[in-house]
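Student: Pasting a structure here, questions to come.
The values are calculated or read from the model by the stated rules, or taken from the named source; none is laboratory data. Source: prediction; values computed, not measured. Virtual Cβ from ideal backbone geometry, glycine too; neighbours counted across all protein chains shown. SASA here: full protein model, heavy atoms, side chains in, ligands and nucleic acids out. Shrake-Rupley method; radii C 1.70, N 1.55, O 1.52, S 1.80 Å.
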Amino acid sequence: MSTSQLDKTYSPHDVENRWYQRWIDAGMFHASPTDPGQPYSIVIPPPNVTGSLHVGHALNNTLQDILIRWRRMQGRNTLWMPGMDHAGIATQNVVERQLQAEGTSREALGRDAFLKRVWQWKEKSGGTIISQLKRLGASCDWERERFTMDEGLSEAVREVFVRLHEDGLLYRGERLINWCPRCLTALSDIEVEHEEITGKLYTIRYPLADDPSQYLLIATTRPETLLGDSAVAVHPEDERYRHLIGKRVQLPLTTRTIPIVGDSILVDREFGTGAVKITPAHDFNDFEAGERQGLPRIKIMDIHANLHVEGALADPNVIQAVEGLPVAKARPRIEQLLTDQGLLEKSEPHKMALGKCYRCKTVVEPLLSDQWFVKIKPLAEPAIQAVEDGRVRIIPEAWKNNYLGWMRDIKDWCVSRQIWWGHQIPAWYCETCYGSPFLRRLSDGAPLIPSDASVIVAKTKPAACAKGHSDALVQDPDVLDTWFSSALWPFSTLGWPRQTPELKTFYPTSTLVTGLDILFFWVARMIMMGLKFMGEVPFRDVYIHALVRDAEGQKMSKSKGNVIDPLHVMEQYGTDALRFTMAAMASPGRDVKLAEERIEGYRNFTNKIWNAARFLLMHLDGERVEVPPAQRSFPDRWILSRLNATIHTVTQELEQYRFDRASSALYQFIWHEYCDKYIEMIKPALKDNASESAKATRHTLAETFETMMRLLHPFMPFITEEIWQTLPHEGASIVRQPYPVMQPDWDSKEAEQEFSLLEECRGLMNQERAILGYPAGKRLHFRVHGKTDQAYATFKKHKELIDHMENVNDLWVGSTTQISMPHLLTLTRGLVELATSMEDADLEKVKENVLKQIALLEKEATRTNQKLGNPEFVAKAPPDVLTEHRDRLERESRMTQLLQQALGQIGLYILERKRTQPS
RNA sequence: GGGCGGAUAGCUCAAUUGGGAGAGCGCUGCCCUUACAAGGCAGAGGUCACAGGUUCGAUCCCUGUUCCGCCUACCA
């Protein structure tokens, strides 16, 4: 490719599409269990089939891709397994909304037709996120893409269900569960989000049945549930109420009386009045208390969370007032009725946590129903062990305790969902054994399976029940929680329950990259299931990255309008810029606050790289001669040494998942060392195209740039490939080139030391300019002295380089420290003393500046002196600190001395000028 | 209520184990110098949240306070 083909600015769009397609066509990302190399595998956190790429995905997948591309280049047998989950509730919601718009419903369609419809939707509109991940450059093995509802994965689900059941780790029973009255399904505990709100605490009078003039005061935040009360509890040792235990109260708004019971677990004597109502069918604590006390469960709500109170023996006027009403509407009416009857003692504001459905944010209700549960303790135990003993590492480690705490306190997992889209539970019930046909739900015809129907769990529909009845077997209408199948992801995607070569090679996977928000939902459950069914952890490392927030630290949400759309960003700034931003901001344990300006900054970085490549191509024409590293020019030796250090840093930081540090090392090196310094330094050598120095330099230039592209490739796959192809290289694509490793003979301590000396000199030059008020562009004539022979030699050797780099007019190099000539301002730093003429300066201003400097230095010197004068400091501080302080004092004194000298000269000079140039 | 994390330049964040705090972005000044104005050169800007303690020495360790996040919990 010739120079003219590289435009002045980098335009990512074509480059990205072109290369991604070529990588795919060449099968660059495909993994085979028979490939050589130590396996390295990652399973993608399966995005939701309804989802589209948001910044969280961009971060998550960028980090995975960096790891994968890096390991692939290192020669590992690398598999990144992609796919999606079927997102039961979310997907069903999407399709139901469509049906609603068409004036129909899933009930009208029936189950089979509805499922067909969902599959159609999935094929047509589902999984846009997959193409978006490709856009991001994700180097997944797309030939292996999986979906949780695939036949293979569904088989895994059935296998697991059956085996858990066989092992007594699955049971069906009537329990109080979290119910979403909008999605009309049970939710697991962790699918409920808690929100702090200020509600009201009502205090209600419950008159004693045998003496209505006396009453108990009961506090509640949900007065409407009193209709379902089956007792009132007090603490058995509470002096105030002990004598009442065994008596009854008249339940307000009903014709019922309910007992007063003693319950030391439920009742907190300190809270409220010390007496509490028990509503076993509508409150988790009360459910337990009801069990303990043998109380009836009185349901007063239906699946839509509408009140149905006939069964509660409510007063007719109460029934009339609230029957069929949702909670929110019923509550004020109950409040009014209680007030009317003089039973509402008071109501006051009260802070409380309200549970909401994590999918649709509807207030969840505790609902009594038959559900399937995974008995979790026996599964959690080994999963705790695995993290405790380090078979699974959680990174950053801070989250480990979070995980352990949750696992130790884990509750049984409700896995059944009352929806259609998902893995239908492989359980059958015999109506013949039951003695009568099961009732059918009116709305959709789903069988209502009685609690006591005997169950057959099997991978496929059994031919007959245990007693041989074959004609009336009814499958459980419920489906399994989506997370149930996600929990199997690391092995189901590799072919389990079949023992495939993939499973053998790539399980356990190497690393899982995920956000904190699904640590419990997903990570914990994968560990449990992996240990249970594979006998081995599903992954070695869990890297938990931060959540992405906006620049103000707010959670991004469509309603707030602060969403940064990664697709838009990629369009505007290029994918590489987005990826680099993600990597740079991935500091562990911290939320990522993303501002668009940052992305713009890294877009500029891509442009910088692009233009450096243009420079290269402009100067690469001509012979290239390889010289042993030790014999190369100073800039060459220096950049090789710095490149080596950068290779070391980047690799080491990646090993530790410090994407932020790795990217900042790359940024620093490429921009500030390679572009700002190295390229500038070699310009003179390249001037004469045919010179020996040009030939040698061209070799280093090409060699280092090519290496740099490989080093950067995992972070910025597109631009590095595009440029790499234009450089002298071997191989078809950078994707499978070896990742750079340190070259011992590239290290040059000596070149780096010389460079530091030159930097010190440059610093002094700037300081001179500042004190003398000379503009940065003014060409000055400097005199420099090295305080040691070596320093002197360095300056002597690099005189021309300094002239070139610092815009200096013929640097004069001396070997002594005697620069006390008139009209010169001399400064010092380290091994350098530097002087330049004050001739063109405004001397009064210079005097002012020098005085300022002296004041500053004296302040510092005093401090250093005090420290060194402290015998305890001298006695206790380590030797190197002491030396450092002594050096500092010497520097400060010498500089002060020089400035004072200058001050004297300035004084004389001012007088001199006044004499020669009378105003 | 409990647990965890954070508070450092205008903004976003670093600082590997206690020895005068760095970077990016932004800002200011000068420069279209043949790779790059999406750029170059230079520069300003910090009581390291507050109060104590340990130490020769604290941004770093300890205690407390304030503020901000997140997770978790059945106080009706």
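Student: Just give me a number: lysine pairs in the range A:573-747, eight or more positions apart or cross-chain, with C-alpha atoms less than 17 Å apart.
Tutor: Eligible lysine pairs with Cα atoms under 17 Å apart amount to 4.
Student: For the range A:186-357, how many pairs of lysine residues have a Cα-Cα distance under 26 Å, where the two are 8 or more positions apart or belong to different chains?
Tutor: 19
Student: Grab the Cα-Cα distance for A:Glu166 and A:Glu597, subtract it from 0.36 nm times how many residues apart they are, and report the gain in nm with one decimal.
Tutor: Separation in residues times 0.36 nm, less the Cα-Cα distance, equals 149.5 nm.
Student: Further question: Cα gyration tensor of the range A:186-357, axes a ≥ b ≥ c as square roots of the eigenvalues: rounded (a/c below 1.5), prolate (a/b > b/c) or oblate?
Tutor: rounded
Student: Estimate the FRET efficiency between A:Leu567 and A:Lys116 by the formula 1/(1 + (r/R0)^6), using the beta-carbon distance for r and 35 Å for R0, to the nearest 0.05.
Tutor: With R0 = 35 Å, the Cβ-Cβ based efficiency is 0.70.
Student: I'd like the distance between the alpha-carbon centres of the range A:855-907 and the range A:44-87, rounded to an integer number of Å.
Tutor: 56
Student: DSSP loop (so not H, G, I, E, B), at most 11 other Cβ within 10 Å: list which GluC sites (Glu not before Pro) in the range A:64-132 pass both filters.
Tutor: Hits after loop and neighbour filter: A:Glu102.
Student: Summing Lys, Arg as +1 and Asp, Glu as -1, what charge do residues with Cβ under 15 Å from the Cβ of A:Ala855 carry, A:Ala855 excluded?
Tutor: 0
Student: Toward the positive end of the charge dipole of chain A, about the Cα centre and with charges on Cβ (Lys, Arg +1; Asp, Glu -1), which of A:Trp746, A:Phe491, A:Pro36 goes farthest?
Tutor: Result: A:Trp746, furthest along the dipole toward the positive end.
Student: A:Asn401 versus A:Gln38, label points 7 Å from Cα toward the beta carbon: distance in nm?
Tutor: Calculated label separation equals 3.2 nm.
Student: Determine the equivalent ellipsoid of the range A:845-919 by diagonalising the alpha-carbon gyration tensor, then write out the semi-axes as square roots of 5 times the eigenvalues, largest first, rounded to whole Å.
Tutor: 38, 9, 7
Student: How long is the gain from A:Gln725 to A:Asp452 if the chain were fully straight, where each residue apart is worth 0.36 nm and the alpha carbon distance is subtracted?
Tutor: Result for the pair: 91.3 nm of gain on full extension.
Student: Using a 7 Å offset from Cα along Cα-Cβ at A:Gln897, what residues in the range A:742-768 end up with backbone N under 11 Å from the label point?
Tutor: No residue qualifies, since no backbone N sits under 11 Å from the label point.
Student: Something else now. Considering only the other residues whose Cβ falls under 15 Å of the Cβ of A:Gly228, what net charge follows from Lys and Arg at +1 and Asp and Glu at -1?
Tutor: Here the count lands on -3.
Student: Show me the ranking of peptides A:343-353, A:79-89 by mean Cβ neighbours inside 10 Å, starting with the highest.
Tutor: Listed from highest to lowest mean packing, they are A:79-89, A:343-353.
Student: Could you pull out the pairs from A:Lys361/A:Lys532; A:Lys778/A:Lys845; A:Lys122/A:Lys504 whose alpha carbons sit more than 22 Å apart here? Mind showing how you got there, number by number?
Tutor: Working: A:Lys361/A:Lys532 34 Å; A:Lys778/A:Lys845 18 Å; A:Lys122/A:Lys504 31 Å.
With Cα atoms farther than 22 Å apart: A:Lys361/A:Lys532; A:Lys122/A:Lys504.
Student: Another question, then. Points 7 angstrom from Cα along the Cβ direction at A:Arg393 and A:Trp812: gap in nanometres?
Tutor: So the label points at A:Arg393 and A:Trp812 sit 6.0 nm apart.
Student: Below 12 angstrom from the Cβ of A:Lys799, what's the summed charge of the other residues (Lys, Arg +1; Asp, Glu -1)?
Tutor: Taking every other residue near A:Lys799 into account, the sum is -1.
Student: Compute the accessible area per residue over the range A:647-731, keeping the other protein chains in place, probe 1.4 Å, unit Å².
Tutor: Using a 1.4 Å probe on heavy atoms only, each residue of the range A:647-731 averages 32 Å².
Student: Explain nothing, just the number: dipole magnitude of chain A about its Cα centre with +1 on each Lys and Arg Cβ and -1 on each Asp and Glu Cβ, in debye rounded to the nearest 20.
Tutor: Here the size comes out at about 700 debye.
Student: Using 1/(1 + (r/R0)^6) with R0 = 60 angstrom and r between the beta carbons of A:Leu882 and A:Lys687, what's the FRET efficiency to the nearest 0.05?
Tutor: 0.80
Student: I need the calculated FRET efficiency for the pair A:Thr862 and A:His781, taking r as the beta carbon distance and R₀ as 35 Å, to the nearest 0.05.
Tutor: Once the sixth-power term is evaluated, E becomes 0.50.
Student: Give me the extension gain from A:Cys675 to A:Thr255: residue separation times 0.36 nm, minus the current Cα-Cα distance, reported in nm with one decimal.
Tutor: 142.5 nm
Student: Which aspartates and glutamates have a Cα less than 12 Å from the Cα of A:Lys411, not counting those fewer than 8 places away in the same chain?
Tutor: A:Asp189
Student: Still on this structure, I have one more. Could you sort A:415-428, A:494-507 so that the peptide with the highest average Cβ count within 10 Å comes first and the rest follow in order?
Tutor: Details: A:415-428: 23.5, A:494-507: 18.2.
Top to bottom by mean Cβ count within 10 Å: A:415-428, A:494-507.
Student: Mind checking which lysines have their Cα closer than 21 Å to the Cα of A:Lys461? Skip sequence neighbours fewer than 8 apart in that chain.
Tutor: Hits, sequence-local ones excluded: A:Lys116.
Student: Report relative contact order for the range A:845-919 in percent, whole number only (criteria: Cα-Cα under 8 Å, sequence separation at least 6).
Tutor: 43
Student: How far is it, in nm, from the label point at A:Lys346 to the one at A:His823 when both lie 7 Å from their Cα along the line to the Cβ?
Tutor: Placing both labels 7 Å along Cα→Cβ, they lie 9.3 nm apart.
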